[in-house]
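A quick write-up on the structure given underneath.
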Amino acid sequence: MELLQSTDFWLGLLLIIWINIILSGDNAVVIALAARSLPPEQQKKAIMFGSGAAVVLRIGLTVVAAMLMNLEYLQIVGGALLLWIGAQLLAGEDEDEGEGSEHSSLFSAIRTILIADLVMSLDNVIAVAAAAKGDQVLLIIGLAISIPMVIFGSTLMIKLMERFPIIITLGAALIGWVGGETVASDAVLRDFSAANSWFHLTAAACGAVLVFVWGKFNQSRKHKALQAE
């Protein structure tokens, strides 16, 4: 009861909620991209499972995030994985929603969401853990509150993607941007990035461009293969 009457507790909770509002945008984009080709009922399941698992991952990663962030090449591998995911999601933009579609099953959509969020959460949990200042109760409550934010954001993004297809391309480019940022933030590149202020932004921009070009190339190749059949 004393905890709930603490001003520091409520200020910390508000700060964590605000951080999650800012950081949940990319998670919502990934979930929406992965779930957009599913039937409406499976979309809801993918969003629910994906959002819940995203928060559970963040809670678990908080314990080891500081150590993981200092492992050399880990974020380079993670960033490259995000670039691949972004390109694959963009390549599936105009795919048929039949049984053979890469993201037509609930399992494959949730798997994509989990892998992408695992990588993106490394940076996010550092900010949340710092705001919690070691208070595990505050941390868990704050992260749990972020579930409806991600669910709402994902649902809204799917509806916007159906109405404005360009958002699919922009969403994939955003994943590429985060992937480039992740690569640039790796421990082995930290000194170089600190000494060259342009590097971080350039890496992020290159990631977005790479996902766009790579995704569109794969998309074109699939269309040609379908036409040849």
*Residue check, Ile158 against (1) among the hydrophobic types (A, V, I, L, M, F, W, C); (2) open to solvent by 20 Å² or more (accessible area, probe 1.4 Å); (3) within 27 Å of Pro39 (Cβ to Cβ), all met but one. Which one?*
(2)
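Look through Glu93, Glu102, Glu97 and report the one residue that is under 22 Å from Ala53 (Cβ atoms), outside any helix (DSSP H, G or I) and modelled with pLDDT under 80.
Working: Glu93 fails: under 22 Å from Ala53 (Cβ atoms); Glu97 fails: under 22 Å from Ala53 (Cβ atoms).
Every option except Glu102 fails the conditions.
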*Pairs under 7 Å by beta carbon, first residue within 19 Å of Phe49 (Cα to Cα) and touching a residue at least 24 places away in the same chain (Cβ under 8 Å) in segment 152-167, partner surrounded by 12 or more Cβ atoms within 10 Å (Cβ to Cβ) and of a type in the set (D, E, K, R), six or more apart or different chains?*
Ile158/Arg36
*Restricting to segment 214-229, what's the tally of residues that are surrounded by 13 or more Cβ atoms within 10 Å (Cβ to Cβ) and either among the aliphatic types (A, V, I, L, M) or under 22 Å from the mean Cα position of the chain (by Cα) (or both)?*
5
*Pairs under 7 Å by beta carbon, first residue part of a helix (DSSP H, G or I) in segment 75-88, partner open to solvent by 50 Å² or more (accessible area, probe 1.4 Å), six or more apart or different chains?*
Leu81/Ile115; Leu83/Leu210; Ile85/Ile115; Ala87/Trp214; Gln88/Glu102
*In this structure, does Val209 turn out to be at pLDDT 95 or above and farther than 25 Å from Asn70 by Cβ?*
yes
*Considering only segment 165-221, state which residues are in contact with a Phe, Trp or Tyr (Cβ under 7 Å, 6 or more places away or on another chain) and farther than 19 Å from Val30 by Cα.*
Ala184, Asp186, Val188, Phe192, Ser193, Phe199
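The values are calculated or read from the model by the stated rules, or taken from the named source; none is laboratory data. The structure displayed is predicted, hence computed values, not measured ones. With ideal geometry, Cβ positions are generated from the backbone for all residues, glycine too; neighbour counts draw on all protein chains shown. Accessible surface areas use protein heavy atoms only, side chains included; no ligands, DNA or RNA. Shrake-Rupley method; radii C 1.70, N 1.55, O 1.52, S 1.80 Å.
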